[in-house]
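Only one structure is covered here, and it is reproduced in the block below.
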Amino acid sequence: MLKRFVGILLMTSTLTTAGAALAQASDPDARAKAMVDAMTLDEQIGLLRTQAGFGLLSLGVPLPPSVPESMRKATPPGALGSAGYVPAVERVGMPAQQMSDASLGVANLGGFLRRGDEATSLPATLALAATFDPDLAQAAGDMLGAEAHAKGFNIQLAGGVNLTREPRNGRNFEYAGEDPLLAGSIVGAQVAGIQGRHVVSTVKHFALNAQETGRFVHDAQIDEAALRESDLLAFEIAIQRGQPGSVMCAYNRINGTYACENNFLLGKVLKGDWKYLGWVMSDWGASHSLAPSLKAGLDQESPQDDPYFGDLKDAVAKGEVSAERVREAAFRIVRSFYAVGVIDDPAKPGGPIDKNAHAAVAEKVALQGMVLLKNDGVLPLAAKAKKIVVIGGFADKGILSGGGSSQVMPYGGHFMDRRGREGIAAILSPVYGLSSPVEALKALRPDADITFDDGSDPARAAALAKTADVAIVFATRPEEEGVDAISPSLPFGQDELIAAVGAANPQTAVVLETGNPILMPWLPKVSAVLQAWYPGQRGGPAIAKILTGEVSPSGRLPMTFPASMAQLPRPEIPGFDPKNRSPLGLGAKVAPFAVPFTEGADVGYRWFEKKADKPLFAFGHGLTYTRFGYAKLAAKGGEGLSATFTLTNTGQREGTEVAQLYVAPPGRTHRLAGWARVTLKPGESRQVTITADPRLLASYDAKAGAWRCAAGSYDVYVGKAAGSRDLVAKVSLTEGAR
Ligand code: BGC
């Protein structure tokens with residue numbers, strides 16, 4: 001398995017209105033039927049076998065001995081040099097499948113898949129989730145879809161919606177947080193945006209790929225009701241909202257069976273209960289069988305060294321797989337191509353890209369997604385703060401991004417931080433986009449004396465901070481696909497640096513560029529903390545605008561920040577071995593092991609509620625530069641549930657509140673059931689009503705195989721900026737289905 005995967009990796013090293021109209025007008029079912037009926041069995045099988053869209057020979061450089069024979073080939077003719085490629089069936093008008101990663105832009109892993117090919121780099125999906133703004137997520141998807149289309153890709157391997165159960169998971173930056181409604185709404189909207197540009201999007205990784213440690217072998221264990229109410233609910237909401245053309249099944253096992261041959265997951269839930277009409281593709285190297293996988297619901301095998309689908313024609317001849325099943329799998333692909341508009345509006349390389357407009361989208365996400373965690377008053381920077389010292393985090397040069405298959409080489413250039421990395425890890429070193437916060441700050445504050453210190457010597461940095469009105473420390477922590485964080489803290493001595501600077505000057509603000517929550521032992525010593533995530537291509541200007549107050553922060557945490565790992569359901573990451581880590585999981589030798597999800601559906605904030613434990617920062621927390629007052633809180637039950645209140649901006653500046661509605665069904669922990677983003681001028685008031693999403697009022701009854709909204713008393717909470725949740729009322733609901 002590992003060999004197979006290593007090879008692959010080294011080698012690749014709400015429908016918009018227009019989209020909906022097109023899907024209807026194009027009559028995908030009838031057109032797909034006509035096309036697939038016109039195909040031979042060989043042609044149908046051809047659609048189900050994805051090749052790697054890139055070959056290492058094309059690099060024209062000597063390859064290390066670790067590269068398997070099968071990888072020493074050229075990029076397949078016709079492939080554009082990205083994750084996957086399936087040749088066209090020109091005879092019947094089926095275009096080639098050109099697949100690119102992922103959710104953060106058109107990726108170019110290591111920068112060598114397509115030499116010099118840059119793209120607009122979006123902030124981490126966690127930042128997108130922190131906006132609590134599905135319309136903005138759709139705009140981000142629209143931008144991404146437009147760019148993919150203009151580069152010739154018609155399948156974008158986007159839509160990462162695994163719940164962030166493990167705050168050390170190296171891939172959380174590709175996901176949309178720990179709450180099913182928030183994650184599903186954000187990712188579904190992004191998928192709709194991508195597909196509105198006639199590029200198929202996936203949602204992935206289906207399901208429960210919640211840690212990278214042992215991702216190819218581990219067995220995620222959970223009971224059915226808990227699974228349906230948590231990770232599957234996030235997928236279900238994303239699929240309902242985004243109508244993705246494809247679903248990518250995950251590497252791991254679920255309750256003993258690999259996700260890509262898991263009949264419960266693919267056959268029963270996805271294609272049965274949810275009546276999903278698109279196709280299921282395996283993650284790269286995630287398929288483990290032929291007939292059992294096809295029977296379970298896998299339609300297309302992604303690249304791997306020893307493809308099982310290579311034997312498909314023989315299996316049909318022997319009667320192990322029916323010709324009808326092959327036809328149906330091919331139909332699903334063609335149907336999605338018609339439904340999304342891929343065939344009517346073919347993607348071609350060399351299309352126009354409005355780089356400025358796309359950069360503006362990336363900046364908007366960064367601005368709305370940053371979360372002000374703490375502020376004792378140092379932010380926004382006062383006009384009288386004339387001497388400002390900026391320290392660390394390469395803030396003079398750029399901003400960090402997350403690593404792995406989603407890696408975008410941003411427009412404007414980049415550099416790599418090769419500290420502590422060798423071999424393949426050095427080739428895949430953390431990428432900093434050239435968007436300097438220091439330069440942006442200088443541009444916004446020409447009146448101030450702004451100096452930079454690289455932070456390599458805490459004593460020197462502290463001495464400098466002492467002479468300044470304000471010190472701003474930038475701290476970064478790279479995260480990457482395939483490996484979980486070695487520790488929940490900041491690396492490279494940055495904790496010591498922040499503690500020293502904070503001790504020298506209480507007017508210290510910290511800007512965090514991380515793809516996960518981190519521990520903050522220095523928190524009492526600093527005045528402010530801004531969570532900037534990986535802020536994308538326009539991260540520099542966006543951070544500067546928030547620091548100076550040109551824009552007020554409005555992001556809210558999509559993940560709980562624990563105060564210690566002991567608070568988590570799994571204080572240690574199952575299977576974790578600090579000596580056995582490498583990018584993308586390359587070369588890590590791991591025997592199968594179980595990941596018991598004992599928290600069930602009580603992920604993140606629900607777990608903290610259950611344990612009556614206090615996190616460092618709560619889900620939904622986020623401050624701004626003004627204050628909001630809530631009055632006349634009331635809730636209504638009956639057949640549905642809603643809460644109403646008057647919201648007033650009681651501060652001195654315009655600001656945006658993300659008011660959150662939480663509901664606790666009888667005997668259950670509370671759930672985010674809706675929210676409202678409201679922007680108010682100083683002194684302005686508005687009456688706000690938030691209606692609970694009915695999918696969050698119901699619970700799954702595994703015995704009955706059905707969702708039920710139980711009759712009884714529901715606690716209704718309104719969550720405010722500081723992460724507190726006030727019980728507003730207890731309301732009764734009538735018994736009902738979902
Ligand atoms: C990742 C997927 C990605 C695929 C293709 C895999 O390693 O898990 O998210 O889409 O590679 O690059």
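Rounded to the nearest 500, the 222 nm mean residue ellipticity of the chain from helices alone is -7500 deg cm²/dmol, with -39,500 (n - 2.57) taken per DSSP H run of at least 4 residues. Across all Cα atoms of the chain, the radius of gyration (one decimal) and Dmax (whole number) stand at 25.0, 81 Å. Dimensions of the range 206-287 along the principal axes, based on C-alpha atoms and rounded to the nearest Å, stand at 31, 27, 20, largest first.
Accessible surface ranking for 527, 732, 1.4 angstrom probe, highest first: 732, 527. In terms of accessible area, using a 1.4 Å probe and ignoring ligands and nucleic acids, 608, 593 rank largest first as 593, 608. Taking the Cα centre as origin and putting +1 on Lys and Arg beta-carbons and -1 on Asp and Glu beta-carbons, what dipole magnitude results for the range 177-287, to the nearest 20 debye? The dipole of the range 177-287 has a size of about 480 debye. Distance distribution P(r), the range 486-540, all Cα-Cα pairs, bin width 5 angstrom from 0: 4, 19, 28, 24, 16, 8, 1 percent. The relative contact order of the range 279-351, computed from alpha carbon pairs under 8 Å that lie at least 6 residues apart in sequence, is 28 percent. Taking every alpha-carbon pair in the range 207-246 and binning the separations at 10 Å intervals from zero gives 27, 42, 30, 1 percent. The solvent-accessible area of residue 546, taken with every protein chain present and a 1.4 Å probe, is close to 0 Å². The three principal axes of the C-alpha atoms in the range 469-563 carry coordinate ranges of 41, 29, 22 Å, sorted with the longest axis first.
Tell me, what is the FRET efficiency for residue 653 and residue 223 to the nearest 0.05, using R0 = 60 angstrom and their Cβ-Cβ distance as r? If you can, show how the numbers build up before the last one.
Numbers: r = 48 Å, r/R0 = 0.80.
Efficiency for this residue pair is about 0.80.
To the nearest 10, the accessible area of residue 460 is 110 Å² with a 1.4 Å probe.
Note on exposure: 231, 396 ranked by accessible area (1.4 Å probe, complete protein assembly) read 396, 231, with the most exposed listed first.
Charge dipole of the range 615-738 (Cα centre as origin; +1 on each Lys and Arg Cβ, -1 on each Asp and Glu Cβ, all else neutral): 80 debye, rounded to the nearest 20. Stokes-Einstein diffusion coefficient for the range 595-705 at 37 °C in a medium of 0.692 mPa s, Rh from the Kirkwood formula over Cα pairs: what value in µm²/s? The calculation lands on 205 µm²/s. Accessible area of residue 223 (1.4 Å probe, protein heavy atoms only, ligands and nucleic acids ignored): about 100 Å². What fraction, in whole percent, of alpha-carbon pairs in the range 460-518 exceed 20 Å separation? Taking all Cα-Cα pairs of the range 460-518, the fraction more than 20 Å apart is 31 percent. Between the residues 163, 524, 249, the greatest Cα displacement towards the positive end of the dipole of the chain, with unit charges on the Cβ of Lys, Arg, Asp and Glu, is found for 524.
For the range 74-203, report the translational diffusion coefficient in µm²/s to the nearest whole number, using Stokes-Einstein at 10 °C, 1.306 mPa s, and a Kirkwood Rh over Cα pairs.
The calculation lands on 105 µm²/s.
Just need the relative contact order of the range 190-320 here, percent rounded to a whole number, with Cα pairs under 8 Å and 6+ apart. Spell out each step's value before the answer.
Working: 213 pairs, mean separation 30.2, N = 131.
Relative contact order for the range 190-320 comes out at 23 percent.
For the range 668-733, the alpha carbon convex hull comes to 108 Å³ per residue, rounded to a whole number. Extension gain, residue 614 to residue 328: 0.36 nm times the residue separation minus the Cα-Cα distance gives 97.9 nm.
For the range 544-635, taking Cα atoms only, Rg and Dmax work out to 19.3, 59 Å respectively. Scanning the chain for cysteines with no neighbouring cysteine C-beta under 4.7 angstrom from their C-beta gives 709.
Counting only lysines at least 8 places from residue 545 when in the same chain, those with an alpha carbon closer than 28 Å to its own are 355, 364, 374, 384, 386, 387, 397, 442, 466, 525, 681, 720.
Across all directions, the average flat footprint of the convex hull enclosing the Cα atoms of the range 379-485 is 8.0 nm².
Set the Cα radius of gyration of the range 292-368 against 2.2 N^0.38 Å, with N its number of residues, and you get 1.72.
The values are calculated or read from the model by the stated rules, or taken from the named source; none is laboratory data. Since the structure is predicted, the reported quantities are computational estimates derived from the model, not experimental observations. Positions of Cβ are generated from backbone atoms using ideal geometry, with glycine treated the same way; all protein chains shown enter the neighbour counts. Protein only, heavy atoms only, side chains kept; ligands, DNA and RNA dropped before computing areas. Shrake-Rupley method; radii C 1.70, N 1.55, O 1.52, S 1.80 Å.
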